[in-house]
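Here's the structure we're looking at; comments come further down.
The values are calculated or read from the model by the stated rules, or taken from the named source; none is laboratory data. None of these values were measured; they are calculated from a predicted model. Here the Cβ positions follow ideal geometry from the backbone for every residue, glycine too, while neighbour counts run over all protein chains shown.
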C-alpha cells in the first residue's frame with residue numbers, strides 16, 4: 001500500500017499534464033507533416049510520419065504571415081503601454097482613496113461583461129466614416145478598452161499592499177504626490193506591474209473578436225490570419241498549424257515568465273493567508 | 001510640474017491655474033482617473049446610448065431611419081426559432097462549462113496540493129492552455145475531433161473498436177464546444193483553488209484528523225466552506241466571460257449545429273445583415289441578462305465574504 005500511493009499519484013499527475021499538453025503539442029506535430037499524413041484515416045500514419053516543411057513553405061509563399069506577426073506585435077505592445085499608462089494612476093486612486101466608493105471600480109470591472117458587439121456595433125460605422133477601419137491605431141484603441149478594466153483591477157490589488165504611512169513619510173520629506181507615485185510607490189510594486197503587463201500583452205496577442213471585425217488587409221493580426229485558413233472549400237490544417245505554431249511562441253515565453261508568480265497570486269484577496 | 005505643486009502648497013498668493021487645481025490634494029485622486037473615465041464614456045456610455053437609440057428604430061445602410069417603438073423587441077422575442085434556442089444554448093454552455101471546470105479543477109487542485117519533486121514544472125505545464133489563444137485552441141480541437149481523420153475518433157475506433165462519433169453533428173456539437181472551452185479554462189479553476197488550498201489554516205485539519213474524521217467528511221465540512229468565496233469568484237468571472245463566448249464558435253461550428261448563442265445571433269444580425277435595429281434590441285436584452293446574472297453571483301459572493309448579511 002505504502003509504495004502504491006505515490007505510484008497512483010504520479011500516474012494521475014502524468015495523465016493530467018498529458019491531457020493539457022497533448023493538444024498543444026499536436027499543433028507543432030501537425031505543422032511538420034505532409035498533407036497526406038494530416039488527412040489520413042490510418043492511425044499508424046497519423047502518429048508515425050516523416051517530417052516535412054511543406055506547410056511552412058505554403059505559409060510563407062501564399063500568406064502574409066510575417067506582416068501579420070509584425071502587426072500583432074505593434075498593436076499588442078502599443079496597446080499594452082497605453083493600458084499600463086492609464087491603469088496605473090486609476091488603480092492607485094482606487095486603492096488609496098477608494099474613489100467613487102467602490103461603485104466606480106465595479107463599473108470599471110463590468111466592461112469585461114459588457115457585450116463586445118455593443119461597442120463594436122456603435123464604432124463600426126464611426127470607424128468607416130473617419131477612416132480608422134483597418135488601421136493599427138483603430139484596433140489598438142479597442143485592445144486598450146478591452147484590457148483596461150482587468151489591468152486596473154489587478155493593479156488595485158497590488159497597490160493596496162503599500163502602507164499609506166510610507167507615502168506620508170515621503171511627503172514630509174518634501175516629495176509631491178506625483179513624485180511619491182513615481183519614485184516610491186511604483187518601484188515597490190514593480191513585480192506586480194510586470195505581471196499585469198504580461199497578462200495584458202497575452203490577452204492582446206490572443207484577441208480575436210475586434211480584430212476580425214476591424215481589420216482586413218493592412219492591419220490584419222495573426223489571429224485573423226489563422227482564421228483565414230478556413231477557406232470556402234476546406235480547412236488547410238497543415239498551413240494553419242504551421243502558422244499557429246509560430247503565433248503561440250510569444251505566449252509560451254510569457255507562460256515561462258509567469259509560472260513562478262501565478263500560484264500565490266490568484267486568491268483575489270478572498271482568503272487570508 | 002514640480003514647481004506648480006509647490007505653488008499649490010502656498011495658497012492664496014495668486015490665482016490658481018488649471019494645473020494647480022488638477023494636482024491639488026483635493027482633486028488629485030480624480031485627476032488620476034480622468035483617462036479611465038474618458039475611456040468608460042467613450043466605449044461604454046456612447047455605445048449604450050447608440051444601442052438604446054437604434055433599438056427603437058429600423059436602420060439599414062442607405063435607407064432612412066424610422067422610429068418603430070418597441071417593434072424590434074417584439075420581433076426578436078417572437079422569433080421563436082432563433083431567440084429562445086440561442087438563449088437555451090447559451091445557458092447550456094454556461095452550466096456545462098461551470099460544472100466541468102469546477103469539479104475537474106477541484107480534483108486537480110487537490111491532487112497538486114502537496115510538495116513534490118518538479119511541482120513547479122507540472123504547474124507551469126498545466127497553465128499553458130490558459131495562455132494560448134482561444135482561437136488556436138478551438139481550431140486544433142476542431143481538427144482532433146473531425147469525423148474521418150480526427151485523432152480522437154481514430155483512437156477510439158482503432159484501439160477500443162468503438163463506433164466513430166460525429167463530434168460536430170447536431171447533437172454533439174454543443175458538447176464538443178463545452179468540452180474544449182472547459183479544457184482551456186479548467187487551469188484557471190485549478191490555480192485559483194490551489195492558491196486557496198495552500199492558504200487554508202492547518203490546525204483545523206489536524207484537529208479533524210485527530211478526531212478521526214474521514215477524508216470526505218473533512219472535505220465537505222472544512223475545505224469546501226472555506227473555499228466557497230473563491231468558488232464564487234470563479235463562478236462570477238466565468239459567467240461574465242462565458243456569456244461572451246465567441247472564438248470557439250467561430251473556429252468550429254460558426255453558429256451551426258444547434259450552437260448559436262445570443263451573442264452569435266447579434267454578430268449575424270449586425271455584421272452579416274447589417275440590421276442595426278434588431279441587433280441593438282438583442283444587445284440590450286443580452287446586456288440585461290448578463291447584469292442580472294452577474295449581480296446575483298456578486299451578491300452571493302459579498303455574502304460569502306461577510307460584507308453584507
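List of remarks:
- Some residue of region B:35-45 being within 14 Å of another protein chain (Cβ to nearest Cβ) and over 24 Å from the mean Cα position of the chain (by Cα): yes
- Matching entry among B:64, B:129, B:85 (being more than 30 Å from residue A:103 (Cβ to Cβ), more than 14 Å from chain A (Cβ to nearest Cβ) and at pLDDT 80 or above): B:85
- For the residues A:232, A:245, the requirement of being more than 7 Å from chain B (Cβ to nearest Cβ), at pLDDT below 85, closer than 24 Å to residue B:246 by Cβ and not in a strand (DSSP E or B) singles out A:232.
- Qualifying residue in region A:104-121 (condition: away from chain B (no Cβ under 13 Å) and more than 19 Å from the chain's Cα centre (by Cα)): no
- Given (1) more than 30 Å from residue A:245 (Cβ to Cβ); (2) within 11 Å of another protein chain (Cβ to nearest Cβ); (3) surrounded by fewer than 21 Cβ atoms within 10 Å (Cβ to Cβ), index of the condition residue A:198 fails: (1)
- For region A:123-139, a tally of residues being crowded, with 22+ Cβ neighbours inside 10 Å and facing another protein chain (nearest Cβ under 8 Å) returns 1.
- Residue check for residue B:72: within 14 Å of another protein chain (Cβ to nearest Cβ), in contact with a strand residue (DSSP E or B) (Cβ under 9 Å, 6 or more places away or on another chain) and in contact (Cβ under 8 Å) with a residue 24 or more places away in the chain: yes
- Residues in region B:192-211 that are within 14 Å of chain A (Cβ to nearest Cβ) and out of contact with any helix residue (DSSP H, G or I) (no Cβ under 7 Å at 6 or more places or on another chain): B:198, B:199, B:201, B:202.
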